[in-house]
Amino acid sequence: MSKPIISIHNIQKEYDGGFKALKGIDLEIQQGEIFALLGPNGAGKTTLISTICGLVRPTNGEIKVGGHDILSGYKEARNLIGLVPQELTTDAFETVLNTVNFTRGLFGLKPDPDYIESILKKLSLWDKKDNRLMALSGGMKRRLMIAKALSHEPKVLFLDEPTAGVDVELRRDMWQQVQALRESGVTIILTTHYIDEAEEMADRIGVINKGSIIVVEEKDDLIQKLGSKELCIQLNEVLESLPDALKQFDLTLDGTTLTYLYDSRKEDTGITTVLDAIKAEGLLVHDLQTKQSSLEDIFVELVRAS
């Protein structure tokens, strides 16, 4: 991977009253990746994003975006960032086109009609350009927030719960939009409650809980490392209980199904031994299926352990 576009070192945030929202966060986001930040409600996701974007001042630590310190070089750092907040805050009586143009102007950039048109077309908003925001559906308002965040040509885009309240079909459409943005060179950081969203889109995943990062891994590596595999063995007959010869194995019984848990990283998974023992008992196998832990299973386990 290329050099980090965001570097976070020992970021802490303590509010009046002593509540520690962030507890010494260390994290690097690589240029051009999609990074998913997962965590339960109150874990610190939004606080961390707000701190990186300069909306919340950290109690301690250092954040650099594109080499610019978020405090001493706020303007330079902030110009590199686009933020799509969780809340939909828009001027109901303004038009789509005027809203996006106005946001670009807030960053001191000259008008660029061709660029704004290209954004709106990519987000399927061009035919709505003259519509007032009050006439837009929830999904279209969410797209508009992305268009506003992209209006000043940022290198980094933060998406805080980007598909909250959006139907399944529109969610998948927006996933495609995010992938297209990444392909154009934009680094994407998203928080989400939808585990399948992270599993579908992210290159790397970070899990935050109680203000601390508890794991950062490549998505596939995380699933491989922490995801156990199951072998479901469908028998031709119902068993009332597990035969004594099979009790030495990590097997569970449910009617006609034996489930064997194994570690796919080991050279000897034990599968052959288990199947031989089943055959020696005179049991006939009707079908075999393997199932790997989902990212959701892993996430729940990590949060519970922390």
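The numbers here are math on the coordinates, done by the rules we state, and not lab data. Predicted model, so just to flag it, every value in this text is computed and none were measured. Quick reminder, even Gly has a Cβ in these numbers, built from the backbone with ideal geometry, and neighbours come from all protein chains shown.
Worth pointing out:
- Nearest-0.05 FRET efficiency for T272 and A164, computed from C-beta distance (R0 30 Å): 0.05
- Sorted peptide list for 238-250, 95-107, 13-25, criterion being average Cβ within 10 angstrom, highest first: 95-107, 13-25, 238-250
- One decimal place: the segment Q248-Q31 gains 73.2 nm when fully extended, by the rule 0.36 nm per residue minus the C-alpha distance.
- Length gained on full extension, L71 to S184, computed as 0.36 nm times the residue gap minus the Cα-Cα distance: 37.9 nm.
- The convex hull drawn around the Cα atoms of segment 229-292, when projected onto a plane and averaged over every direction, covers 4.0 nm².
- An oblate overall shape is assigned to segment 1-97, the ratio a/c of its alpha-carbon gyration tensor axes (a ≥ b ≥ c) being 1.5 or greater and a/b not exceeding b/c.
- Cross-link pairs beyond the 32 Å C-alpha cut-off, checked among K13/K128; K129/K155; K141/K219: K13/K128
- Diffusion coefficient, µm² s⁻¹, Stokes-Einstein with Kirkwood Rh over alpha-carbon pairs of the chain at 37 °C and 0.692 mPa s: 148
- Virtual spin-label span in nm between T59 and R172, 7 Å along Cα→Cβ: 4.5
- Virtual paramagnetic centre 7 Å along Cα→Cβ of E218, amide N under 20 Å, in segment 25-53: 27-38
- Paramagnetic reach from E14 in segment 50-85 [backbone N under 11 Å; point 7 Å along Cα→Cβ]: 59-60
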